[in-house]
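What follows is a set of notes on a single structure, which appears directly below.
The values are calculated or read from the model by the stated rules, or taken from the named source; none is laboratory data. Here the structure is a predicted model, which is why all the values come from computation and not from measurement. When we count neighbours, we look across all protein chains shown, and the Cβ atoms used for this are built from the backbone with ideal geometry, even at glycine.
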Amino acid sequence: MLSYTMKMLIFPLGCLLVILSSYFLGLTPHLALMICAGVLLVASIYGEKRYPALRNIHWIFLGIFHYFSELNWCELLYYLLIMSMIQNKQRVAQTLPISMLLLLEYTVIRLSYVPMDTYALLVSLFDMLTAIVIIFFYHTLINSEAEKRRLREKNHFLTLHDPLTGLLNYEGYIDALNKTVEEHRSFLLIILNIQNFNGFDKEVEDNWCSVIGNTGEIITTQFSDAYGISRYAGDRYAVILPVIQDIEERMSSLLSGELRGLQVNYSISLYPGMSETLQHFITVAEDRLFQQQRNKWLKNEEEVFRSERLRAVGELAAGMAHEIRNPLTAIRGFLQLSRGQSFNIAPWYEVIMGEITRVTELTAEFLQFSKPHTNHMKPERVGQCLERVMSLTESDAASRGHRITLEMTGEPVVVNMDRDKIVQVLINLIRNAFEAMEDPGEVHIDLLHDGDRALISITDTGSGIPENSLATIFNPFYTTKEEGTGLGLALCQKIAQDHHGKITVHSEMGIGSTFTLHLPMGA
């Protein structure tokens, strides 16, 4: 590439060298004309920037200068002029004709002052071949430089831009912020976080990429006056804007329009109003976005929790209605039968009272399950609690023909608990163990501690619980007993959870089951 500055330097020096050489060698009788032609050539070179039309007549002044100098060294100026005329042309088909015409001009003028013999003709042929080689070499060099330039530009673009959307990446985002600050501008920074991009299947690349790309285009269109727009961290966009008054309206329009359906959190921050330094400003802006996300997450969690509570209430109500309907149906049927015997209910009295008792017990358990837990927590020794449980269940075990044993760790285990509630849980679990053993068996109670948790396990030698039932035995109204309400284990689990603990179960068919009450240990 021959720049304008290089031409301003090389052409005058080349002309001066030819003039001095021609003068000292005494080759031309037209010194004044040669000097005039050289001055015109140099003047046209100097004036081409202001008068571009002069580029079309450089070859005329050069031909006149060559003719009067009668010196083959003008060939250098021809090659320089060729380079100047073809430097903006990319194809050989465009540059080769120009080169050949200028070399033809040089050959014709050269043959006007040298003998036209075989040597002169061969030199002219060699000059033509040399021009062709130079042209091809020039294009190779130009194409190589152009490719390097494209690669540099592409590398620079990828360094600062996101390849998927064409927006700035994080490095480009920081660079744009720095440039905006250097220009002493106040600006707004909007950071948007698209929360549900993770809901798209990234393996289906076209789907996910199109959503990312379309989102970038939408944001770019909405904020066409931005100093810079960036996508970074996968699902986060940053927009650097001049300070404008209707930013909230524009954001509302964006979220309710093109981005409707996506879960978007955003924060708007003003520089330099919020911070003196850019780094601190970026931290504050990101923190504000985090707080927005956190508040939204907490709100969503609260909604989920409320929905779960409503669902649980619905399940309890449905189960309660189902369980109460059966005894009420029986009572109604027996009362209808009594009409035929002058309302004498004596034959069905015991059955009716049994059903009424069942409804009463079911209602009592339901109320106990659903009412808020009264806080009577205080540090208690688990060993004393177990000793009381043993005294309350030993007679029941003996009447059923079962054997009950207790094994405790030597160290005192203290738990912050409502003792009556824990006793209720343990008695319920032990009675379930008794009922699980049709033949005389053994129930073993074991107390130990694992780290900061007390573990009370109750093991029976019953028939065991089917594996497909283990996940549902704590659900309200689930029972395998003909007379059971299905609220006993659900109530026990609720009491354990009220104590920040839980009940787990392990069972093997034909061997027995182990229920373990986990409770956090206190001081």
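Summary table
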{"read-out": "Tabulated pairs, segment 223-240, first without any contact (Cβ under 8 Å) to a residue 24 or more places away in the chain, second part of a strand (DSSP E or B), C-beta under 8 angstrom, 6+ apart or interchain", "value": "Asp225/Leu241; Asp225/Pro242; Ala226/Val239; Ala226/Ile240; Ala226/Leu241"}
{"read-out": "Condition check for Ser275: closer than 30 Å to Gly216 by Cα, of a type outside the set (Phe, Trp, Tyr), at pLDDT below 75 and not in a helix (DSSP H, G or I)", "value": "yes"}
{"read-out": "Given (1) hydroxyl-bearing (Ser, Thr, Tyr); (2) exposed (fewer than 14 other Cβ atoms within 10 Å of the Cβ); (3) more than 22 Å from Ser69 (Cα to Cα), index of the condition Ser112 fails", "value": "(3)"}
{"read-out": "Condition check for Leu9: within 30 Å of Leu122 (Cα to Cα), assigned by TED's automatic domain parsing to the domain that holds Ile142 and in a helix (DSSP H, G or I)", "value": "no"}
{"read-out": "Filter result (in contact (Cβ under 8 Å) with a residue 12 or more places away in the chain and surrounded by fewer than 17 Cβ atoms within 10 Å (Cβ to Cβ)) within segment 388-399", "value": "Arg388, Met390, Leu392, Asp396"}
{"read-out": "Condition met for Arg91 (more than 23 Å from Pro12 (Cβ to Cβ) and either modelled with pLDDT of 85 or more or of a type in the set (Gly, Ala, Ser) (or both))", "value": "no"}
{"read-out": "Segment 401-420, residues that are surrounded by 14 or more Cβ atoms within 10 Å (Cβ to Cβ) and in a helix (DSSP H, G or I)", "value": "Arg419"}
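Okay, residues lined up against (1) more than 15 Å from Asn72 (Cα to Cα); (2) charged (D, E, K, R); (3) crowded, with 19+ Cβ neighbours inside 10 Å:
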residue: Leu17; (1), (2), (3): no, no, no
residue: Leu20; (1), (2), (3): no, no, no
residue: Tyr23; (1), (2), (3): no, no, no
residue: Leu31; (1), (2), (3): yes, no, no
residue: Tyr51; (1), (2), (3): yes, no, no
residue: Arg55; (1), (2), (3): yes, yes, no
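Per-residue answers, yes or no, for (1) under 19 Å from His500 (Cβ atoms); (2) at pLDDT 90 or above; (3) not in a helix (DSSP H, G or I):
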residue	(1), (2), (3)
Ile422	yes, no, no
Arg431	no, no, no
Phe434	no, no, no
Ile445	no, yes, yes
Ile456	yes, yes, yes
